[in-house]
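Just below is one structure, and these are the notes that go with it.
Every number in this text was worked out from the coordinates using simple rules, so none of it is lab data. Note that the coordinates shown come from a computational prediction; the quantities given were computed from them, not determined experimentally. Cβ placement follows ideal geometry from the backbone for every residue including glycine, while neighbour counts extend to all protein chains displayed.
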Amino acid sequence: MTKPPARFITNKMCPFAQKAWIALEASNADFSLEQVSLYGAGGKPDWFWELNPQGTVPILVVTAGDDSEDDLVLPDSDLILNEIAQVPGGETLIPTDPAAVESMNKFRKCLSEFLPIGKRAVLGGSKGPMWSKLKELDALVVGPYVCGEGVTVADCAGFPFLWRIENEYGNLNKKDCPNLANWLQTCKQNPAFSKTVQSSWWWWW
């Protein structure tokens, strides 16, 4: 029996939710998208809290069958990236080549270090540490995507945040980050990435 589409619960302005959305699109997964309002008078619906008591997006529900107790519920963007092959129709975005895996892991680690540094810079702190960390990320891009020719979870993870930095501060080529600048351009030409870009968006806090 064919499995029903996975249920992707999100808010399109959230960068963490965006990276999971990109991964679903890039992996050709079969999914339906549901938006929830995270703020406002109505609040989040009860069913949302039951799926994720933390109250955050995204949430991905992979239906196991008739018994909802067996459904796979992934209430975190990194969990979704790591388990994308569990989604009906989904193709893994984890490379098999050991060198590419190492490249992917280094980029994701550096990205996680960048996020609090970028937050401080955008909120009025010193920009120097942010540009230094971006140069570290720049050195990790193989090209045209982070790990080479194909999209991996590293690209999905990085795009929402680094796109926001470019949108705020201009082309990263001007900041001595040519690899990131070219990578962003490559991603923006890929429909899996471009369809997730919103005219109104949030930062990551």
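Of note:
- Computed over the Cα atoms of segment 120-171, the ratio of the radius of gyration to the Kirkwood radius (Rg/Rh) comes to 1.01.
- Taking 0.36 nm per residue of sequence separation and removing the Cα-Cα distance, the S112/K195 pair yields an extension gain of 27.5 nm.
- Couplings for segment 170-177, taken from phi via the Karplus curve 6.51 cos²θ - 1.76 cosθ + 1.60 with θ = phi - 60°, read x, 3, 6, 4, 6, 10, 6, 10 Hz in order; Gly and Pro are left as x.
- Calculated diffusion of segment 57-129, Stokes-Einstein form, Kirkwood radius summed over Cα pairs, 4 °C and 1.567 mPa s, µm²/s: 86
- Between the beta carbons of Q35 and A99, assuming R0 = 41 Å, the FRET efficiency works out to 0.60 to the nearest 0.05.
- Long-range amide H partners of A29 with built H, under 5 Å: E91
- Amide N of segment 1-23 lying under 18 Å from the label point, which is placed 7 angstrom from the Cα of W205 along Cα→Cβ: 14-17
- Extent along principal axes [Cα atoms of segment 1-123; Å; largest to smallest]: 41, 41, 20
- Theoretical ellipticity at 222 nm over the chain - DSSP helices of four or more residues, -39500 (n - 2.57) apiece, nearest 500: -14000 deg cm²/dmol
- Inter-probe distance in nm under a simple model that places probes 7 Å from Cα toward Cβ, at E91 and E168: 3.4
- Answer label for Cα extents along the principal axes in Å (calculated), chosen among (1) 54, 45, 25; (2) 53, 41, 39; (3) 45, 39, 33: (1)
- 3J(HN,Hα) along segment 88-100: x, x, x, 9, 4, 10, 9, x, 9, 5, x, 5, 5 Hz, from the Karplus curve 6.51 cos²θ - 1.76 cosθ + 1.60 with θ = phi - 60°, whole Hz, x for Gly and Pro.
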